[in-house]
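See below for the structure under consideration.
The values are calculated or read from the model by the stated rules, or taken from the named source; none is laboratory data. Just so it is clear, the structure is predicted and the values come from calculations on it, not from any experiment. When we count neighbours, we look across all protein chains shown, and the Cβ atoms used for this are built from the backbone with ideal geometry, even at glycine.
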Amino acid sequence: MTVPEQRRSPDPALALRGLVKQFEAKVAVAGIDLDVPAGSFFGLLGPNGAGKTTTLSMAVGLLRPDLGQARILGYDVWADPIAAKSRIGVLPDGVRLFDRLTGTELLAYQGLLRGMDPTVVDQRSVELMDVLQLGAGNRTLVVDYSAGMKKKIGLACALLHAPRLLVLDEPFEAVDPVSAALIRGILQRYVAGGGTVVFSSHVMTVVERLCSHVAIMADGRIRVRGTLDEVRGDRSLEDVFVEVVGGRTATGSELSWL
Amino acid sequence: MAVSARYFVRLKLRLLANGLRGRTQRVALFVIGAVMAAAAAVSGYALFSVIGVLGEQRAAEVVFPLAGSAVVLGWLFLPLIIFGVDESLDPARFALLPLRHVTLVRGLFAASLVGVPAIATFAATLGMVHAAAMLGGFFAATVELVGLIGGILLCAALSRAVTSAFATALRSRRSRDLATVALAGSAALLGPLQLGLRSAIERADWQGIGHVVDVLAWTPLGAPYSMGLDVATGRLWAVPIKIVVVAATIALLLWWWSGSLEKAMLGAKSGSRERTASQLTPVAQLVPRWLPRNRFGALAGREMRYWWRETRRRATLISFVAVALFLPVLVAVSGGPAGASGAVLVFVAALAAVSLTNQFGFEGSAYAANVVAGVPGRVELAARATGLSVYVLPPLLVISVIASVVPGRGAAAPALIGTVLAAYGVALAVAMPISVRAAYALPDSTSPFAMSSGGGTAKGLLSFAALIGATIATAPLQIGAWLLGDVWLWIGLPVGIAYGAGGLVLGLRLAAPMLDDRMPELLATVSAGSQ
C-alpha cells in the first residue's frame, strides 16, 4: 500500500461553513463551522444522535445540506464534486456495502469505480486483503462476513485509491481488540505519511490514544474544539465529554427492582 | 394468553400511518393508488350489479364464477410478477416474542386483509351481492355475501402462502430450480383454461363455455362467487358443499403458509457457500473478459453478480423467464393470428425492461459507494442496462425464434427479433427516468416479494404504466410490419435495432442528467428504513 507523500497545503483538509440540515421537524445539524488541519488526526465526538453521521455525510457529498458549504482540500464538495470526491476515502456507518460481492470483487469494484489502473487495483487489493487479514483467496461474500470484517473491508475500500483525506464514521464500532489495534496502526502510519483522518466516535479511550485534534458535538452543534490537550486540560477526556454534553449520573436509587 | 388479532391489525395501521407521516411524496403515491383502486372497485361493482338489475340469471351464472376465478388468479400471480406483497409485518420480527404459532398466523393473516388491494377487491365483488339480491332476494344476497367473505379470505391466504413458499424455496440453492419449474408449471395451468375459452369463443359456443363455467363454479376458484346464485335458482343443497370447499381450501392454504412462515422466522441465513479460492486477479474476478476493465465494466460486472446473487433480483428474473417461456409458447400453440405472437413478445420484452423501474431500490444504502465515487449518471445507467440485458436478451432471442419457427413462419424470425429488440430498448428508456425520479426503498425483509406498507399499489401501478407506455411506444413498428407485409421481413431487423437503440439513447440522455443532479436525494430515498 502506498502512503501519500508529505505535502503541506495552505488549505485545511476539510472545511465546513455554516452547515445546516433539518429532517422534517427535527434539526439534526444546526450550523456547523469546522476546520480540520491537513495532517491532523481529528476525532469528532458526541453522544448518539448528536449529528455526527449527518455532519460527515454532508461533508463527503452523501447528503445535501440545507445551508452551508463543505470544502475538501480547497474543492467545494457540492460545486465541484468530482474534484473533491476523488481526493477522499469514506467509510460510512449504517450503510450497507455491496455485500453480494466477495471481498476482492468489492475492492476491484471500488478501484475501477475510482478510475484507477486495473493492474494497480489488482496489486493493492491483494495487499489490502492480506494486511487486513481478510485472506486474499477468500471467496466468502461480504454479506457473510462478521461485523468486524465488514468494517475492515470498508476501510480497505476507503484506502484503496490512496486518498489525501479519510473520513471514517465509527471505524472502531464492533471491531475486536486485535483488529482495532491493526486498524489503529494503519491509520497512524497514514497520518505520519501526511494524510488526514477525520473519524467519529463515542469511545473516549480510542480518541485519547489516537487524536491530535478533537471536537465535541451535542444537539447538532459543536460545543468544544481544539487540540486534544486544549480540550482536555488536566482532566480526562471522558469527564470533559460528560460535562459538555450534560449527562446524567446514576444516584443508585433508580431501577431498584433490578 | 392468546393475543388478539386486533393488535396485529392496529400495528399494521400504525406502521402505515407512521410511514406516511410528513412525507408528501409517499402520501401522494398512496392517494393515487387508493384512487385508482377505488375506481377499479366502483367499475367492478357496477359491472356485476348491472347483470342483476337486468335480471340476467344465466349471464350471472357465467360471469360471476369466471370473474371470481380471474380475481383469485390475479391474487396468485400479480404479487409474484409485479406488485409484491405488503410485508410491513415481517414475520421474522416476531420471532423473539412469546407468541403461539396459531396466534401469529391468525394475526398476520388478519393484518394482511387490511390493505388497499383487499378492500378494493372486496368492494368490487360486492356488486355480486347486489345482483344476487335482485335475482334471488334477501337470502340469496346473504349467502352471496358469505361467499364473498370466503372469497377474499381465500385470495389473501393464497397470495401469502404462495409468495412465502416461493421465497423460502428461493433461499436454498437446491430447491431454487424446483421453484422455477413450479412457477412455470402453475402458470402453464392457465393454458388449458385459456385454450378452452378461446376455441369456445371462436365457435360462439356458449354451451361449451357454460359447461366449463359450471365446473369452475365447483372449484375453489369459482365456488365463493356462485353461492348466492345457487340460492336464486333453488339449488340450496349446493351451498353447504361450496362453503366446505372454500373453507377447506382456506384452511389448507393457511396450514401451508404457517409451515413456510416458521422457516422464515428461523432466519434467512443461507448457509454460506464454501467457495474455492480463485486464481484470477481481483479485477478479473469482478469483470468478465468481454467487458472493458474500467468503470463501466466494474458497474456492469457488479450488476451481473447482483442479478444472480440477490434473492429479490433473482426472483424477478425467474418470474420473468417463467412468463417469457409460457406466454409466447401458448400463443404459438393456440395458433392465433400472425400478429399475435409479435404483440405478446413486445409485451414480454417490455416486462423484462420494466424490472429496472426500481433499479436503485434493489441495493438500498449500498448505493452510497457510487455516490461517494461520483459515478457519472450516463455510465451508471448504461452499465445497469447492460447487466440486465446479459440475462434477458438470450431468452428473448430464443423465444422470438421459437415463436416464428414453430408455427412455420421461420422467415419472419429476423423481423420479429427486430421488433422485440425495439420494444426492449424503448422499455428501458421508459424505465430509466422512472427509476431515478420515482425510486422507493424496499424493506429489509427475508421475502423477495416484500413491499413496504403504503404506496405499494401505486408503485406497482407505476411499473404497470411503464409496461403499457413501452408497448404503446412500439406500436409504430407493429403497424409498419402490418402495412409493409413482405418488405418488413427484410428491413424489420435493422429498423427494429435502430428504433430500440434510438429509444435507449433518448432515455439515457433524459435520465442521466436527472441522476447527476439528484444522487444524494436518490440515496436518501432508497436507503430510508434500512438504517
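Which ones in the range B:340-362 are of a type in the set (A, V, I, L, M) and buried (at least 23 other Cβ atoms within 10 Å of the Cβ)?
Once the filter is applied, which keeps residues that are of a type in the set (A, V, I, L, M) and buried (at least 23 other Cβ atoms within 10 Å of the Cβ), the range B:340-362 yields B:345, B:346, B:348, B:349, B:350, B:351, B:352, B:353, B:354, B:356.
Here is a check on your reading of the model: is residue A:107 at the interface with chain B (Cβ under 7 Å from one of its Cβ atoms), in contact (Cβ under 8 Å) with a residue 40 or more places away in the chain and part of a helix (DSSP H, G or I)?
For residue A:107, the condition - at the interface with chain B (Cβ under 7 Å from one of its Cβ atoms), in contact (Cβ under 8 Å) with a residue 40 or more places away in the chain and part of a helix (DSSP H, G or I) - is met.
Filter the range A:76-86 down to the residues that are buried (at least 16 other Cβ atoms within 10 Å of the Cβ) and either part of a helix (DSSP H, G or I) or hydrophobic (A, V, I, L, M, F, W, C) (or both) and list them by number.
Residues satisfying the conditions are A:77, A:81, A:84, A:85.
Looking at residue B:322, is it at pLDDT below 80 and at the interface with chain A (Cβ under 7 Å from one of its Cβ atoms)?
no
Please identify the pairs in which a residue from the range B:344-366 that is closer than 16 Å to residue B:395 by Cβ and in the same structural domain as residue B:437 (by TED's automatic domain parsing) has its Cβ atom under 8 Å from the Cβ atom of a residue that is of a type in the set (Phe, Trp, Tyr) and buried (at least 24 other Cβ atoms within 10 Å of the Cβ), counting only partners at least 6 apart or on another chain.
Once the first residue is closer than 16 Å to residue B:395 by Cβ and in the same structural domain as residue B:437 (by TED's automatic domain parsing) and sits in the range B:344-366, its partners that are of a type in the set (Phe, Trp, Tyr) and buried (at least 24 other Cβ atoms within 10 Å of the Cβ) give B:349/B:424; B:350/B:424; B:352/B:424; B:353/B:424.
Looking at (1) within 14 Å of chain A (Cβ to nearest Cβ); (2) touching a Leu at 6+ places or on another chain (Cβ under 6 Å); (3) under 23 Å from residue B:431 (Cβ atoms), which is the one condition that is false for residue B:400?
With respect to (1) within 14 Å of chain A (Cβ to nearest Cβ); (2) touching a Leu at 6+ places or on another chain (Cβ under 6 Å); (3) under 23 Å from residue B:431 (Cβ atoms), residue B:400 is out only on (1).
Can you name the residue in the range B:363-386 that is more than 10 Å from chain A (Cβ to nearest Cβ) and either aliphatic (A, V, I, L, M) or surrounded by fewer than 22 Cβ atoms within 10 Å (Cβ to Cβ) (or both) and is also nearest to residue B:427 (Cα to Cα) among such residues?
In this case the residue turns out to be B:385.
If a residue must be modelled with pLDDT of 80 or more and farther than 16 Å from residue B:253 by Cβ, how many such residues does the range B:75-95 contain? Write out each step before concluding.
So the first thing to find is which residues in the range B:75-95 are modelled with pLDDT of 80 or more, and the list is B:75-76, B:94.
When the remaining residues are screened for being farther than 16 Å from residue B:253 by Cβ, the result is B:94.
Qualifying residue count, the range B:75-95: 1.
Please state which one of A:144, A:239 is out of contact with any Pro (no Cβ under 7 Å at 6 or more places or on another chain), charged (D, E, K, R) and away from chain B (no Cβ under 12 Å).
Only one candidate passes the filter, namely A:239.
I'd like the full set of residues that are in contact (Cβ under 8 Å) with a residue 60 or more places away in the chain, among the small types (Gly, Ala, Ser) and closer than 23 Å to residue B:434 by Cβ, limited to the range B:465-485.
Those that are in contact (Cβ under 8 Å) with a residue 60 or more places away in the chain, among the small types (Gly, Ala, Ser) and closer than 23 Å to residue B:434 by Cβ: B:466, B:470.
For residues that are in contact (Cβ under 8 Å) with a residue 24 or more places away in the chain, outside any helix (DSSP H, G or I) and of a type outside the set (Val, Ile, Thr), tally how many sit in the range B:82-136.
Adding up the residues that qualify gives 10.
Can you name the residue in the range A:59-72 that is aliphatic (A, V, I, L, M) and farther than 16 Å from residue A:199 by Cβ and is also nearest to the other protein chains (Cβ to nearest Cβ) among such residues?
A:63
Residue by residue, here is whether (1) farther than 27 Å from residue A:202 by Cβ; (2) surrounded by 20 or more Cβ atoms within 10 Å (Cβ to Cβ); (3) of a type outside the set (Lys, Arg) holds:
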position: A:50; (1), (2), (3): no, yes, yes
position: A:68; (1), (2), (3): no, no, yes
position: A:88; (1), (2), (3): no, yes, yes
position: A:96; (1), (2), (3): no, yes, no
position: A:101; (1), (2), (3): yes, yes, yes
position: A:112; (1), (2), (3): yes, yes, yes
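Criterion first (farther than 21 Å from residue A:190 by Cβ, facing chain B (nearest Cβ under 9 Å) and not aliphatic (A, V, I, L, M)) does residue A:80 satisfy it? Please lay out each step first, then the result.
Details: farther than 21 Å from residue A:190 by Cβ: yes; facing chain B (nearest Cβ under 9 Å): no; not aliphatic (A, V, I, L, M): yes.
Judged against the criteria, residue A:80 is not a match.
Residue-wise test of (1) under 20 Å from residue B:527 (Cβ atoms); (2) touching a His at 6+ places or on another chain (Cβ under 9 Å); (3) of a type in the set (D, E, K, R).
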{"residue": "A:59", "(1), (2), (3)": "yes, no, no"}
{"residue": "A:65", "(1), (2), (3)": "yes, no, no"}
{"residue": "A:68", "(1), (2), (3)": "no, no, no"}
{"residue": "A:80", "(1), (2), (3)": "no, no, yes"}
{"residue": "A:93", "(1), (2), (3)": "yes, no, yes"}
{"residue": "A:106", "(1), (2), (3)": "yes, no, no"}
{"residue": "A:110", "(1), (2), (3)": "yes, yes, no"}
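Select from the range A:114-125 the residues that are at the interface with another protein chain (Cβ under 7 Å from one of its Cβ atoms) and in a loop (DSSP other than H, G, I, E, B) and write down the one among them that is surrounded by the most Cβ atoms within 10 Å (Cβ to Cβ).
A:114
Which members of the range A:94-104 meet the condition of being of a type in the set (Val, Ile, Thr) and in a loop (DSSP other than H, G, I, E, B)?
Listed by number, the list holds a single entry, A:95.
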